[in-house]
Amino acid sequence: MDRAKVEKGYEALSPFELKDKLIEMAQSPRTKMMLNAGRGNPNWVAVFPRLAFSILTIFAIEEAHLVMSRPGIAGAPDSQGMGERFMDFCKRKAEQRGTQLLEDGYKYVTGTLGLDGDSFIGEMVDGILGDHYPTPDRVLVNTEKIIRAYLDETMCENDPPAGTMDIFVTEGGTAAMTYIFNTLKENFLLNPGDKIAIGTPIFTPYIEIPPLNDYQLVEIEVEQDENNNWQYPAAELAKLADPAIKAFFIVNPSNPTSVSMAQESLDKIAELVSTTRKDLILLTDDVYGTFVNGFKSLVAIAPKNTILVYSYSKYFGATGWRLGAIGIYQDNVMDKMIAELPDDKKKLLYERYESISTDPASIKLIDRMVADSRAVALNHTAGLSTPQQVMMVLFSLHELLDSQYHLYKKEMQDIVHERYETLYKALGSKGPELDFYACYYTTIDIKKLARERYGDDFAKWMETAHEPIDFVWRLAEEKAVVLMDGGGFDAPEMSVRVSLANLFKPDYDKIGHAISDLLDQYMAEWAGGTDKEG
């Protein structure tokens, strides 16, 4: 087999598609049990919110039977007096795990957040039964206030900027990105041929979306510096001063490098959008922010310019729930830019949205996203399913109630840090030790490791004699270890992304040794003058 020729045929694929081929090889009868640290699906679940969800369902059924009770049928509950009945229910169920979260959550939303008890529980009961369309369609009323409090706590260090953030709950972070790009295009904020800056390395689909025929955007890379803890150099951020760049798109903490943006960089961006680039749209995916103590999102320092995307999937082990949120402050530059569009474009937008409002021009960008998510005509049936919204509330309350002790956060961080330390110990290399390192993934530059271990000549041979994906290919084929090709994320070629979320601690010891052993095999081939690539 001419391995180089075969590998070359796979190099154009997204690393997520290449992964399927690597899994196929790693599962070969010739190999032992496969270790797949490719995709970042966590192997933990947050227990108490899920228990609370099940207990709340029982309460909701009890309430439904108060209205109608026929064999197998109940009615739509009445929220009047429901808060008091709920607290009585919690006392009756006090011995069940999960009830405490419900009781404490009720006290928090009625005390700290000042919500009406009947209204809150009524919304949760109706939501968990799922017997009505989501109303409002963007997010349920009390749910929005609780999610906002959660984002204030986790994205802004509980010190949010002045103003109010509107929330649109979506079917995960990927749906959020789809809706955002579509609405920015439909509202002429991003047009074919426009430049969009992408903070790289980055989650591969985010590189692949802008050039699609749907958008036809020109990508300008703003590159993190591998030799400076994967931070953005000042010279790279200076690219954003170009008025031709309409938006800056990042993942923070980054994927695949798992490092959050340093305060110095945040300050530079904040200064830029407050002076020369008041029109720059900032789009940030902050799904990994909860893994970093003291994390601060772009939305905390540039609220008028930022579209925040957050997903509950990784932190709470809830990828299957598809729980995402878009956050945009009510006072934002995007709405102002729409209001200042030329008359011909305003006319087109008036015609687009006139079926859902008597004053289409006043519709906020975030509400346009809701309408666009259902092709405008189906706006009246838009919105995330209400049971999903209830689960988001319970996840949010779980974190908000833990804010004093951070017990859950510490457990999550301990899990990934232990795996990280195990991996690098087995690799025989000292990984970066950073306060702003999420450790959800780690990116290992194989060429850099080769240079450190065996010198420049060997590293150059690895690069020139082998295809960029050869290392991950052989790792799967010979070691039954599946990792992501870092080059597909615009990380250095022949680097690998290791997910620290989806395997157990001993597995990372095996992965570290497998990487090290394979590097030794390359060394033996080079020292012996034998190129076994074919």
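Which of the residues belonging to the range 256-266 are out of contact with any strand residue (DSSP E or B) (no Cβ under 7 Å at 6 or more places or on another chain), in a helix (DSSP H, G or I) and surrounded by 16 or more Cβ atoms within 10 Å (Cβ to Cβ)? Before the answer, list the steps.
Here is the first cut: in the range 256-266, the ones out of contact with any strand residue (DSSP E or B) (no Cβ under 7 Å at 6 or more places or on another chain) are 260-261, 263-264, 266.
From the residues that got through so far, the ones that are in a helix (DSSP H, G or I) too are 263-264, 266.
Across the range 256-266, the qualifying residue is only Leu266.
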Completion exercise
Asn293: passes all of (1) surrounded by fewer than 16 Cβ atoms within 10 Å (Cβ to Cβ); (2) at pLDDT 95 or above but (2)
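Restricting the range 210-255 to residues that are out of contact with any strand residue (DSSP E or B) (no Cβ under 9 Å at 6 or more places or on another chain) and either of a type in the set (Val, Ile, Thr) or closer than 11 Å to Asn191 by Cα (or both), which is modelled with the highest pLDDT? It would help to see each step written out before you state the result.
So the first thing to find is which residues in the range 210-255 are out of contact with any strand residue (DSSP E or B) (no Cβ under 9 Å at 6 or more places or on another chain), and the list is 212-214, 216, 227-228, 234-235, 238, 241, 243.
Okay, now just the ones that are also either of a type in the set (Val, Ile, Thr) or closer than 11 Å to Asn191 by Cα (or both), so 214, 216.
On the way: Asp214: 91, Gln216: 95.
Selected residue: Gln216.
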Practice task
Please go through the range 267-290 and pick out each residue that is touching a residue at least 60 places away in the same chain (Cβ under 8 Å), outside any helix (DSSP H, G or I) and of a type outside the set (Ser, Thr, Tyr).
Solution key: Ile281, Leu283, Asp285, Asp286, Val287
Exercise for the section: Being in contact with a Lys or Arg (Cβ under 8 Å, 6 or more places away or on another chain), assigned to a helix (DSSP H, G or I) and free of Cβ contacts under 8 Å to residues at least 40 places away in the same chain is the filter; apply it to the range 357-389 and report the residue that is surrounded by the fewest Cβ atoms within 10 Å (Cβ to Cβ). Expected result: Ala361
Exercise for the section: Could you list, in sequence order, all residues of the range 420-441 that are in contact with a Phe, Trp or Tyr (Cβ under 6 Å, 6 or more places away or on another chain) and crowded, with 22+ Cβ neighbours inside 10 Å? Expected result: Leu423, Ala438, Cys439, Tyr440
Handout entry: Selection status of Ala247, assigned to a helix (DSSP H, G or I) and not β-branched (Val, Ile, Thr)
Key = no
Exercise for the section: Considering every residue within the range 101-114, establish whether at least one is among the charged types (D, E, K, R) and either in contact with a Pro (Cβ under 7 Å, 6 or more places away or on another chain) or modelled with pLDDT under 95 (or both). Expected result: no
Handout entry: Of residues in the range 234-285 being more than 30 Å from Tyr420 (Cα to Cα) and among the β-branched types (Val, Ile, Thr), the one nearest to the chain's Cα centre (by Cα)
Key = Ile281
Handout entry: Complete set of residues in the range 291-317 that are among the small types (Gly, Ala, Ser) and either closer than 21 Å to Thr442 by Cα or part of a helix (DSSP H, G or I) (or both)
Key = Gly294, Ser297, Ala300, Ser311, Ser313, Gly317
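The values are calculated or read from the model by the stated rules, or taken from the named source; none is laboratory data. Keep in mind that what you see is a predicted model, and the values were worked out from it rather than measured. Glycine also receives a Cβ, built like all others from the backbone with ideal geometry; neighbour counts cover every protein chain displayed.
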